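Participant: Quick one: the structure is below, questions incoming.
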């Protein structure tokens with residue numbers, strides 16, 4: 001009956017180093033996985049924030065359009081000096097009433 005072959009100290013050291021390398025790799029993969037999950041959570045939050053801001057932008061555009069429409073109905077077409085708050089109506093466009101004679 002054979003007692004088997006005993007590995008040398010150097011061979012056992014190499015086996016232990018390989019095992020430790022695998023353990024280190026597994027730990028690093030776990031850390032990378034957790035970091036990826038956190039980044040995905042951050043991206044999801046950013047995506048939601050972006051959608052909310054786009055909706056708010058559209059709402060603001062609608063409010064602006066409604067406001068401008070109401071101001072135009074109240075004051076007519078013109079320009080507002082934001083610094084002074086003075087509204088200047090546009091001059092009515094004069095229609096060309098000059099008739100031309102056409103000869104045939």
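Taken together, the values in this text are just the output of simple stated rules run on the coordinates, not laboratory data. Fair warning: this is a prediction, and the values are worked out from it, not measured in the lab. Glycine also receives a Cβ, built like all others from the backbone with ideal geometry; neighbour counts cover every protein chain displayed.
Participant: Go through segment 5-16 residue by residue and tally those that are in a helix (DSSP H, G or I) and exposed (fewer than 10 other Cβ atoms within 10 Å of the Cβ). Spell out the reasoning first.
Facilitator: At the first step, the residues of segment 5-16 found to be in a helix (DSSP H, G or I) are 9-16.
When the remaining residues are screened for being exposed (fewer than 10 other Cβ atoms within 10 Å of the Cβ), the result is 9-10.
The number of residues fulfilling the criteria is 2.
Participant: Select, from 7, 57, the only residue that is farther than 30 Å from residue 89 by Cβ and in contact with a helix residue (DSSP H, G or I) (Cβ under 8 Å, 6 or more places away or on another chain).
Facilitator: Details: 57 fails: in contact with a helix residue (DSSP H, G or I) (Cβ under 8 Å, 6 or more places away or on another chain).
Just a single option satisfies the conditions, and that option is 7.
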